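Accompanying notes for the structure given below.
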2 protein chains.
Amino acid sequence: MTSLTPPTPGTRLDPWFGAYAQRAHNMRASEVRALFAVVNRPEVVSLAGGMPYLEGLPLGVIADTMQRVIATQGTTALQYGSGQGLEELREQILDVMRLEGIDAHPDDVVVTTGSQQALDLVTRIFIDPGDVIVAEAPSYVGALGVFRSYQADIVHVPIDGDGLIPEALEETLTRLAAQGRRVKFLYTIPNFHNPAGVTLSLERRPRILEIARRHGVLVIEDNPYGLLGFSHDPLPAMRSTDEEGVLYLGSFSKTFAPGFRVGWVVAPHAVREKLVLASESAILCPSNASQMAISAYLSTSDWKGQIKSFRELYRERRDAMVGALAEHLPDASWTVPDGGFYTWVKLPDGLDSKSMLPRAVTGRVAYVPGTAFFADGSGADHMRLSYCFPTPERIREGVRRLAAVVNAERELVEIFGTSPSPDDVTDIDNPGPDSL
Amino acid sequence: MTSLTPPTPGTRLDPWFGAYAQRAHNMRASEVRALFAVVNRPEVVSLAGGMPYLEGLPLGVIADTMQRVIATQGTTALQYGSGQGLEELREQILDVMRLEGIDAHPDDVVVTTGSQQALDLVTRIFIDPGDVIVAEAPSYVGALGVFRSYQADIVHVPIDGDGLIPEALEETLTRLAAQGRRVKFLYTIPNFHNPAGVTLSLERRPRILEIARRHGVLVIEDNPYGLLGFSHDPLPAMRSTDEEGVLYLGSFSKTFAPGFRVGWVVAPHAVREKLVLASESAILCPSNASQMAISAYLSTSDWKGQIKSFRELYRERRDAMVGALAEHLPDASWTVPDGGFYTWVKLPDGLDSKSMLPRAVTGRVAYVPGTAFFADGSGADHMRLSYCFPTPERIREGVRRLAAVVNAERELVEIFGTSPSPDDVTDIDNPGPDSL
């Protein structure tokens, strides 16, 4: 038998391997993507995904609305549209944002293909390779992926139960300035944070804005969950008190449905013009059909009532989640979110959520390891559990299974002194869209 | 009275002017955008836009199909989907591409938000600032915009009535190699070229592929119009004979409708993986609702019959266009396209299509100046006229008006020796999505 030298990974089958842009090398397929494919099997309880629960939507009504839109306005709905988005929808978006105290003009709004595209466009117009983006520790995995793809340097700032810590932000920005680093923006999720589940307190909001303003740093306020609070009315958005210093990102994905891919960004005039040009370059224009479907839904349905029923649904699931954690994983600790989709769980000492994941999937339960939410690969002592999609019963079953996995893992750690890390789990940077 | 120094343009109102990325400075709003806003007024005959004519679509049937999709599969249609796109649609896309001799696997296809997004993703994964992209002279304005936004250096290669000239490509690639320039890909529109209206001959296709292969240059085959030929069956795509060397871009925007924003790219395995990662970063996933609408249309309607009727419709309009040009502008010359949406008109000597545009709009007719289709600002002696959207009667009226504008312009040139260029028309680089 001849001994074969294995080819360098990625070169053998790819004649264009040497032709990629620098940024493409920052786009890596995660080795746990294969695991996430398994996660969607019915026998696995997935506490990994960020998918909203859509059974509660009035599908028949939405279907009839869509029928009417195409039958009566089809030549508009099926045609190219404006790069900025339809004016009627932009006006309705103002109604949505008014619930959080935002006073804006339709011209300030740019409609995007989900708020993920807004993240992409904002990063595209502001970030040169090596520029610094400041983000919470932890932060949204999909944002970190965008930032990395534009070769940004991500610097984390710690949070606590009241969200981003102003003193830590001040210290970080001062240190970066002393180092001569160029900080382009602060990326923050003030409400029902993904993954941490915490909310920036009312008291801290003006302090964060003041610090950012003093350091000349733009604030990106990403707010997909703000209307999904469990116990009180929405807090005023940071954008509601700062028009020039804040870019606000909104989305219909969590308050209505993600399948139309409609989000938006509100930006100061000149920035908004750049965003429109960038969006035209990226996709020409957002889908008229999608925008008109959302617009018709907003004008003909009780969308506020629907959000209220989502809040009740998700609160019940949050209760199921934290109740099951208290019962089955008393040695762990977790945030108790007052809205949104996620709780952030700290594992008992010595456990590693990333290396444990394959064994969890074997145990028919899935989560997202904490490492996905840090640019520097830390966070293995945490995991994100989502309670948005599974029923309360499935949530309890999932936590039960997770506890069994954790307990078995703990025995391994006691025997071996460390949590064994299989070779094939080396990178959770991009677990794929299902996990977001 | 105090004399005021006007502020530097763009700085006074934009507190973030100093924070933009390098690439954002390549995204410029065209001063003729204001003109294009006027173009959509009913009194103006627009021969500028690339909008398909949708009146012929069975809107009632499409509306009912969409109703059924949401009523029966709503929790999928309204949910997040896969970054690569729905498998069922990718299989149907294979049926579409088989009409051009392409034999591919569903795994090879990535669904995008219009083929514009495919252009963006391909450029994103391959282009570092300063890399060379070779493109036809002229080339699609929307592609040039994407290439510029990634700071590519665009090098044009001349075309003639049979499309890209192989000898000119060979000469260009050899020269660039001698200069040590890194050519990342050739961007070409082989069928019913936008804006030139010409088609790459059957005889030249293998020669172009051979030259590109020999120089190690990837070929981007952009083919939105290939099925819209007037006199013969579609020519075999370049991708049909070269799986590894060609990335193929397709779209439903011209053969069905652009309003769902569904296009696709076919790529070799490893490149396709990068494209999926890049797309997930840009938008998470394409719209399930849009994809399922297209999929249901393809499986329940006579889509080939619809394309046939589009071909007849556009041929009649092409005939109206070239007939009117022969009657009213005998001193100009133009291509006679055998499919697609556009003819490329060379103006009588001494006329400048860019400086003439404001006077044309005053004369209630619009076109896209040739300068939009060149990276170096040349092309002012040409204009693109599209015949896709206006009725034959409106096309004839538009050309009549254009002839009056041209004749008046010619008098100006005879008197002043040159075509006067108003100060406010300095940049047609990005005329906005309506003109594409």
Report task. Return the sequence-ordered ³J(HN,Hα) values of the range A:199-213 in whole Hz as given by the Karplus equation 6.51 cos²θ - 1.76 cosθ + 1.60 applied to θ = phi - 60°, using x for Gly and Pro. Result -> 10, 5, 5, 4, 5, 7, 4, x, 5, 4, 4, 5, 4, 4, 4
Report summary line: The helix B:303-328 Cα axis meets the longest alpha-carbon principal axis of chain B at an angle in degrees, between 0 and 90 and rounded to 10, of 10
Report summary line: Longest principal axis of chain B (C-alpha) makes with the long axis of helix B:87-98 (C-alpha) an angle, in degrees to the nearest 10, of 60
Requested in this report: Quick one: with label points 7 Å out along Cα→Cβ, list the inter-copy distances for B:SER378 in nm, shortest first?
Outcome: 5.7
Report summary line: In the neighbourhood of A:GLU88 defined by beta carbon distances under 14 Å, the net charge of the other residues (Lys, Arg +1; Asp, Glu -1) is -3
Report summary line: Phi-derived 3J(HN,Hα) across the range A:179-196 with the Karplus relation (6.51, -1.76, 1.60, θ = phi - 60°), rounded Hz, x for Gly and Pro, is 7, x, 7, 8, 8, 8, 7, 9, 9, 9, 10, x, 10, 6, 3, 9, x, 7
Query raised in the report: Can you give the relative contact order of chain A as a percent, counting alpha carbon pairs under 8 Å and 6+ residues apart?
Result: 25
**Report entry** Residue of chain A whose Cβ sits closest to the axis mapping A onto B, with distance in whole Å
**Finding:** A:GLN67, 2
Report summary line: Quick calc: nm separation of the 7 Å Cα→Cβ label points for B:GLU203 and B:VAL61 -> 4.1
Report task. Tell me the distances, shortest first, between A:ASP95 and the same position across the other copies, using label points 7 Å along Cα→Cβ, in nm to one decimal. Result -> 4.0
**Report entry** Sum of side-chain charges, B:ILE154 neighbourhood, beta-carbon under 9 Å (Lys, Arg +1; Asp, Glu -1)
**Finding:** -1
Requested in this report: Output, in nm with one decimal and in ascending order, the distances from the A:SER301 label point to the matching label points of the other copies (7 Å from Cα along Cα-to-Cβ).
Outcome: 2.4
Query raised in the report: What is the distance, in nm, between label points placed 7 Å from the Cα along the Cα-to-Cβ direction at A:ALA37 and at B:ASP349?
Result: 6.5
Query raised in the report: Percent relative contact order of the range B:79-300, based on C-alpha pairs within less than 8 angstrom and at least six residues apart?
Result: 30
Requested in this report: Label chain B by shape, choosing from rounded, prolate and oblate, from the square roots a ≥ b ≥ c of the eigenvalues of the Cα gyration tensor; if a/c is under 1.5 it is rounded, and otherwise prolate applies when a/b is larger than b/c, oblate when it is not.
Outcome: rounded
**Report entry** Amide H contacts under 5 Å for B:VAL368, placed H, 5+ residues apart
**Finding:** B:ARG384
Query raised in the report: If you keep only loop residues by DSSP, which GluC sites (Glu not before Pro) in the range A:164-205 have at most 14 other Cβ atoms within 10 Å of their Cβ?
Result: A:GLU203
Query - ³J(HN,Hα), Karplus 6.51/-1.76/1.60, whole Hz, each residue of the range B:60-66, x for Gly, Pro - result: x, 5, 5, 4, 5, 4, 5
Query raised in the report: Does the range B:28-164 classify as rounded, prolate or oblate by the C-alpha gyration tensor (a ≥ b ≥ c root eigenvalues; a/c under 1.5 gives rounded; else a/b over b/c gives prolate, otherwise oblate)?
Result: oblate
Query - Only Lys, Arg (+1) and Asp, Glu (-1) charged, at Cβ; chain B dipole about Cα centre in debye - result: 600
Query raised in the report: Which value, in debye to the nearest 20, gives the size of the charge dipole of the range A:79-300 about its Cα centre, when Lys and Arg are +1 and Asp and Glu are -1 at the Cβ?
Result: 500
Report summary line: Counting Lys and Arg as +1 and Asp and Glu as -1 over every other residue whose Cβ sits under 9 Å from the Cβ of A:ASN223, the net charge comes to -2
Requested in this report: Relative to the longest principal axis of the C-alpha atoms of chain B, give the angle of the C-alpha long axis of helix B:269-283, reported between 0 and 90° and rounded to the nearest 10°.
Outcome: 70
Requested in this report: Using the Cα centre as the reference, give the magnitude of the dipole from point charges on the C-beta atoms of the protein assembly as shown (Lys, Arg: +1; Asp, Glu: -1; all else neutral), rounded to the nearest 20 debye.
Outcome: 280
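Since every read-out is calculated from the coordinates, none of them should be taken as a lab result. Computed from a prediction, not measured in an experiment: that's the story for all the values here. Cβ sites come from the backbone with ideal geometry, for glycine too, and all protein chains shown count toward neighbours.
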